[in-house]
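Nothing in this text is a laboratory measurement; each read-out follows from the coordinates by a stated rule. In this text the structure is predicted, and so the values were computed from the model without any measurement. Here the Cβ is made from the backbone with ideal geometry for all residues, glycine too, and neighbour counts use every protein chain on show.
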Amino acid sequence: MFAMAARRLGYRVHTLSPDHDTPTGQIADVEINASYDDLDAVRAFAQAVDVVTFEFENVSAAAVAEAERHAIVRPNGRSLSIAQHRIKEKTFLVEHGLPVAPFAPIRNEAELAAAITAVGYPAVLKTATSGYDGKGQVRIATPGDVDAAWTTMGRREAILESFVDLELEISVIGARGAGGEWSHFGPIENAHEQHILDVSVMPARVPAATAALAVDVIRRVMDALDFIGILCVEFFVARDGALVVNELAPRPHNSGHLTFDACRTSQFEQQLRAICGLPLGSPEMLQPAAAMANLLGDLWEGGEPNWAAALAMPDVKLHLYGKSSARSGRKMGHLTVLAATAPEARRLVLEARCRLKI
């Protein structure tokens, strides 16, 4: 979707990935097959382009530094380094006075014991790096869970966070340009199944004060990082109304895929505008509400989904990513619906997804 936005504005696109025939590679001008840690490949890639950006933040600091020697890299290496490491991320947020759940870093058994004492029960043990879609985290409810959770995590560097009694989860996606100009899409409400994003609805059901605080948090984060590009901040909204930062994603985010249809400027075009030094576009919604439902590989278990049944609904938009094989839990595409109200948008997008199984 980023490559589509870039091509529409006349840019050439090169992509580097360990995989072949990727969704981006299918429409890019040049597709490079290489490991993210292959510094020779990263160097050659960067030398052939003007600006480098990411759709995946777990790229080594060495690879980012090598790219920065030969091209403009946006967002910067510091932003990626902080966002890809939970201890650095939480420490950064605390240093800037931003709301997080009580937490403690863990590098050995002694720190684990101290963390349990400081954070208490229930808590969530998370790997410091490489966690996404619920991977790399285990809930700890009682003292008896501690050793098994630590073993499950491979006894490696981690973070222990106090469990948040959730009302709902929201995300805010912001864009910041090279001159510090700034824009955002407003809070998006997210529902998960098996720790994977299932449905996103815009706007989120939160009070105006909560929405304003979330927007203020993301702006402060972007300014502190001198961030150029698209950043998503995921939040927990607790039952008592408290707003807590869950994590930072320095790239277009799955919850913002609905902006491709719902907004005057999508998160992907906004990313392109920001990193290429163009004025930011309007994030205005084209209708009062929108909803997105992810399509996972499980839908293909009974054969090809019934695309015609969903597309018979006049307000439904279908996006398939061009991935070569469907498997359980793999994000294969999404449906988007625009409507007059958020509940109506959610109802329609869920109905459309149900029709795929007919």
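Computed quantities for the displayed model
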quantity: For Trp307, Trp182, order by how many other beta-carbon atoms lie within 10 Å, fewest first; calculated: Trp307, Trp182
quantity: Residues of type lysines that Lys323 reaches as a straight line, Cα spacing below 19 Å, ignoring anything fewer than 8 places off in the same chain; calculated: Lys331
quantity: Lys/Arg +1, Asp/Glu -1 at C-beta; the stretch 159-218 dipole; positive extreme among Ile196, Phe163, Ala175; calculated: Ala175
quantity: CD proxy at 222 nm, helix term only [per DSSP H run n ≥ 4: -39500 (n - 2.57); per residue of the chain; nearest 500]; calculated: -8500 deg cm²/dmol
quantity: Partners for Lys90 among lysines (Cα-Cα distance below 27 Å; same-chain residues under 8 apart left out); calculated: Lys126, Lys135
quantity: Ordering of 26-33, 102-109 by packing [mean C-beta count within 10 Å, highest first]; calculated: 102-109, 26-33
quantity: Highest-first arrangement of 2-13, 343-354, 269-280, 318-329, where packing means the average Cβ count within 10 Å; calculated: 269-280, 343-354, 2-13, 318-329
quantity: Ranked list, fewest to most other Cβ atoms within 10 Å of each Cβ, for Asp315, Asp165, Asp261; calculated: Asp165, Asp315, Asp261
quantity: Contact order relative to length of the stretch 2-73, as percent, for alpha carbon pairs under 8 angstrom and 6 or more apart; calculated: 25 percent
quantity: DSSP-defined antiparallel bridges as percent of all bridges, the chain, nearest 5; calculated: 90 percent
quantity: Point-charge dipole on Cβ atoms (K/R +1, D/E -1) for the stretch 166-355, about Cα centre, debye to 20; calculated: 320 debye
quantity: Among Leu16, Val30, Ala62 the positive-end extreme of the charge dipole of the stretch 2-73 (Cβ point charges); calculated: Val30
quantity: Proximal aspartates and glutamates to Lys317, defined as alpha-carbon separation beneath 12 angstrom and excluding residues fewer than eight positions away on the same chain; calculated: Asp261
quantity: Prolate/oblate/rounded call for the stretch 106-168, Cα gyration tensor, a/c under 1.5 rounded; calculated: oblate
